[in-house]
Amino acid sequence: MAGIVNRKKYEDQIKSCDIIFDAGVHSNVRAVIANELFKYFMYERQQIPMPFDHLKKEALDKSNTTTTSLQETTVLSTVRQKRKCFYGSMEDKKKTSLISCVMEMMQRVEAAFVTCPEVKQVLITMGGTVVSPRESFLINLPPLSPEADLVSLRSSVKSLFRQLITHDLLGGVKPISPTNMAVLLYAPRDSGIQWFVPKPTFKRPIRGRQFEYNIKCRHHHVGSHDLSCDVSEVEISGIEPLDSSVLSDADMNDCVLNNCLSASNPDYALCSGDGQMETCRSSETVVSPTPELDTIWFQAPVLVKGYKDKPRNMLP
């Protein structure tokens, strides 16, 4: 009972918002939305010193520029210059490691959505472990609608960030120090997702600050699914309705007995003939309702480690 009360307490503290698109969202667009939100959370929660795309561009520009500092560092004589070189190399190493991890993570997420478009949720955690993180971000994805109009990739990203700025769930939230970031996907057990490790017993953590982003689509289905009809106007293959007034008492008794036998044993029914009761194998099979797909969490096997730039004035 105490566990239920605690979970209810944490659920009441969840901050959530709806991200609404004016059309359906294709599988590859879902992957891009998840990746864009991952990059957004990293920067907003101060796990990286600048937006990821700027960070990647800066690292690329630095690697492409020709410099002669390499030769100069081999003849450094002062302790101050050696320490500057050491701190600079450590910072570059953390930056390079983060960029490579995030790039691989995003590629794997896109591949997972190609393999299994039925991914229902994406969970991003920040903290020492995924079981007890400091913060968690749950992305609820809408069901697939192949018959609906699909939103383009460019317009979906623009609409996503416009609504993120409008809602701003993370505004005013106390920042956290750089920590581990993990990505998990909620999909059918037999989805065939590669690289991600299945976690059958994992449940969404209730510790730490929790945020939910509900992706929804506003669209109209093609065609009508109205199955209502007037029973008095139903015709089946040109067969006329049965008039009970023309049945004799013996025929009525056979019909009643047939219904009783059919209800008690669906595999057998009374076959009408010359008034004798016969048993025969029914040609109809009873179709049991299909159970729901067994859905579990899949966790990325790598953790992305955030980092913070060391202030230049603190270098020795």
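Work out, in µm²/s and without decimals, the Stokes-Einstein translational diffusion coefficient of the range 153-196 at 10 °C, 1.306 mPa s, Rh from Kirkwood over C-alpha pairs.
Calculated translational D: 110 µm²/s.
Ranked highest first by average number of other Cβ atoms within 10 Å, how do 197-208, 23-34 line up?
Put in order of decreasing packing, that is 23-34, 197-208.
Would you compute, for the Cα atoms of the range 77-205, the largest minus smallest coordinate along each principal axis and list the three values in descending order, in whole Å?
The principal-axis extents, from largest down, are 70, 36, 27 Å.
What order do you get for 140-152, 164-176 when each peptide is scored by the mean count of other beta carbon atoms within 10 Å, highest first?
Highest to lowest by the protection proxy: 140-152, 164-176.
We did not get these values from a lab; they are worked out from the coordinates using the rules stated. Here the structure is a predicted model, which is why all the values come from computation and not from measurement. So basically every Cβ, Gly included, is an ideal-geometry build from the backbone, and we count neighbours across all protein chains shown.
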